[in-house]
Amino acid sequence: MKRLLILGATPFQVPLIEMAKKMGNYVITADYDLNNPGHKYSNESIKISTVNKDSILEYSRSKKIDGILTGASDVAVSTVGFICDELSLPGISLKQGNILTKKHLFRKFQEDNAFNHPEYFEFDDFSEFMATLIKIKGKYILKPVDRSGSIGVKIISLPLKKEYMGFIEDHFIEAKNSSIIKKVILEEFIEGIEYGGDIFLNDQEIKSFNITNKELLGEKYVIPIGHTIPVRLSQEVQNSIKFSIKTILDKLEINNGPINFDVMVTKDNEVVILEMSPRFGGNGIPQIIKTGTGFDTLKESINTALDLPSEFFKKETSNPAGSRILKSLKTGRLKYITPVKDILLKFPENIKELVYDYKPGDQIYKFDQGNKRIGHFIVVSNELEQLEHIIREIESKIIIIVD
């Protein structure tokens with residue numbers, strides 16, 4: 001029995017933990033919060049922050065782990081790389097993990113290698129930040145350099161309007177405090193349509209490549225709330241995205257495992273890679289890929305991490321599939337949510353997965369970043385337009401009441 005350490009035990013990691021157990025592995029979860037739901041599915045759990053590299057290393061040695069993995073979040077990726085380096089385990093290196101999950105390092109990498117990228121500035125000092133703001137114009141995005149899930153992200157239009165001046169320092173402090181290394185990045189806002197997706201490599205060969213239509217929650221927060229496949233892009237643009245991503249991976253000498261990506265396609269069909277991370281995506285991306293194409297990203301990620309034989313099964317034909325995050329627009333106690341069985345009875349042919357993270361009486365929070373979700377569902381249909389209609393229908397039937 002192989003011993004697999006999974007970093008993170010949030011709802012996003014639960015499907016990975018369940019799959020690893022199903023495959024017959026001894027699964028250990030590490031997470032700073034022992035109340036996170038993934039711990040109850042693992043064989044063993046430990047309260048350690050996933051960014052505490054030294055403590056994770058000491059624990060990994062004591063447990064003689066055979067592999068280490070994370071998914072759906074960037075914060076633990078560098079730790080995975082560090083442990084793989086130190087214990088000679090299959091997986092990414094610390095250098096690879098840092099470049100792909102530290103936004104300022106990734107932009108520098110793109111710049112140094114003449115890849116398309118937005119104009120960017122990095123800061124850890126507010127006065128330097130303000131000195132730059134008065135010199136530039138247009139639309140920019142302020143982010144922590146080392147977080148995902150839209151945590152600490154704000155869109156800023158320059159020059160600043162008078163009524164916005166009082167908020168800019170608060171936004172800077174929020175972004176900086178959200179950063180693990182206390183650094184922020186200010187990036188040019190690229191106009192276009194944003195897409196997501198996952199790629200899976202084995203010995204440099206692409207075994208699965210899926211670009212998703214991405215649904216975002218408003219311009220204020222720009223939070224992904226769902227994905228659908230197949231993507232609405234010409235084959236030419238899809239090939240351009242694949243080429244751009246593979247070129248970066250080859251340059252970084254990343255040959256195996258999952259890669260999550262976000263890409264902007266401009267009105268002139270120019271491709272700009274916004275972000276990449278050596279882990280599978282969140283918001284149900286692995287589930288819709290498996291449902292739609294048959295390729296099991298979670299299973300193959302585990303096989304890669306444990307150096308086990310892979311199957312790389314895909315269906316001959318694919319079906320439109322989609323995901324949607326369930327959310328609340330205010331903070332409070334969850335008073336009522338439509339029972340799962342009632343929704344499944346209404347959409348028996350379409351819903352493949354419906355999960356609530358909370359039950360009535362639990363405290364929930366306004367959805368202004370990805371980790372404040374209250375559940376999700378996965379749907380399949382015969383046509384993309386019909387799929388998107390069904391997603392909206394299911395959303396309308398799930399009644400969420402918050403006191």
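Computed from the coordinates by the stated procedures, all read-outs in this text should not be read as laboratory data. Predicted, not measured: the structure shown is a model, and the values here were computed from it. Cβ atoms come from the backbone with ideal geometry, glycine included; neighbour counts cover every protein chain shown.
A few notes on this one:
- Using only the C-alpha atoms, the convex hull of region 3-89 corresponds to 74 Å³ per residue.
- In terms of packing, defined here as the mean over residues of other Cβ atoms within 10 angstrom, the peptides 295-301, 380-386 line up highest first as 295-301, 380-386.
- 3J(HN,Hα) along region 140-151, derived from phi through the Karplus expression 6.51 cos²θ - 1.76 cosθ + 1.60 where θ = phi - 60°, amounts to 9, 10, 9, 9, x, 6, 9, 10, 10, x, 6, 5 Hz, with x in place of Gly and Pro.
- Centre-to-centre separation between the Cα atoms of region 308-360 and those of region 1-63: 23 Å.
- For the chain, pairs of C-alpha atoms spaced more than 41 angstrom apart make up 11 percent of the total.
- Database remark: amide H of TYR32 closer than 5 angstrom to the amide H of ILE48, THR50 (H placed geometrically; neighbours at sequence offset of 5 or more, or on other chains; Pro and chain starts carry no H).
- Lysine pairs in region 182-281 with Cα atoms under 24 Å, if 8 or more residues apart or on separate chains: 12
- Among ILE288, ILE211, ILE173, residue whose mean-square fluctuation peaks in a GNM of the chain (springs only between Cα atoms under 10 Å): ILE173
- Shown here for region 1-107: trypsin sites (Lys or Arg not before Pro) in loop regions (DSSP other than H, G, I, E, B) with at most 12 other Cβ atoms within 10 Å, namely LYS64.
- Here the chain is treated with +1 on each Lys and Arg Cβ and -1 on each Asp and Glu Cβ, and its dipole about the Cα centre works out to around 980 debye.
- Extension gain, ILE401 back to LYS108 (0.36 nm per residue minus Cα-Cα distance, nm): 100.9 nm
- Residue among THR212, THR317, THR79 with the largest mean-square fluctuation in a Gaussian network model of the chain, springs linking Cα atoms under 10 Å: THR317
- Of all the options ILE337, ILE65, ILE289, the one that moves most in a Gaussian network model of the chain with Cα springs shorter than 10 angstrom is ILE337.
- When peptides 351-357, 132-138, 177-183 are ranked by their average number of other Cβ atoms within 10 Å per residue, the highest-first order is 351-357, 177-183, 132-138.
- Farthest towards the positive end of the charge dipole of the chain, among the residues LEU94, MET130, VAL77, is the Cα of VAL77, using unit charges on the Cβ of Lys, Arg, Asp and Glu.
- The length gained on full extension between MET23 and GLU383, counted as 0.36 nm times the residue separation minus their Cα-Cα distance, comes to 126.3 nm.
- The label-point distance for GLU353 and ILE155, in a model that sets each label 7 Å from Cα toward Cβ, rounds to 2.9 nm.
- The GluC sites (Glu not before Pro) of region 90-161 that meet both conditions, a loop assignment by DSSP and at most 14 other Cβ atoms within 10 Å of the site Cβ, are GLU119.
- 3J(HN,Hα) couplings calculated from phi for region 45-55 with the Karplus curve 6.51 cos²θ - 1.76 cosθ + 1.60 (θ = phi - 60°) are, in sequence order, 9, 9, 8, 9, 4, 6, 9, 8, 4, 5, 5 Hz; Gly and Pro show x.
- For the chain, the relative contact order is 13 percent, taking Cα pairs closer than 8 Å that sit 6 or more residues apart in sequence and dividing their mean separation by the residue count.
- The distance between label points at ASN43 and LYS64 comes to 1.2 nm (points 7 Å beyond Cα on the Cα→Cβ vector).
- On full extension, the segment bounded by ARG232 and LYS95 gains 45.9 nm, given 0.36 nm per residue less the C-alpha separation.
- At 0.692 mPa s and 37 °C, Stokes D of region 274-339 from Kirkwood alpha-carbon radius, µm² per second: 223 µm²/s
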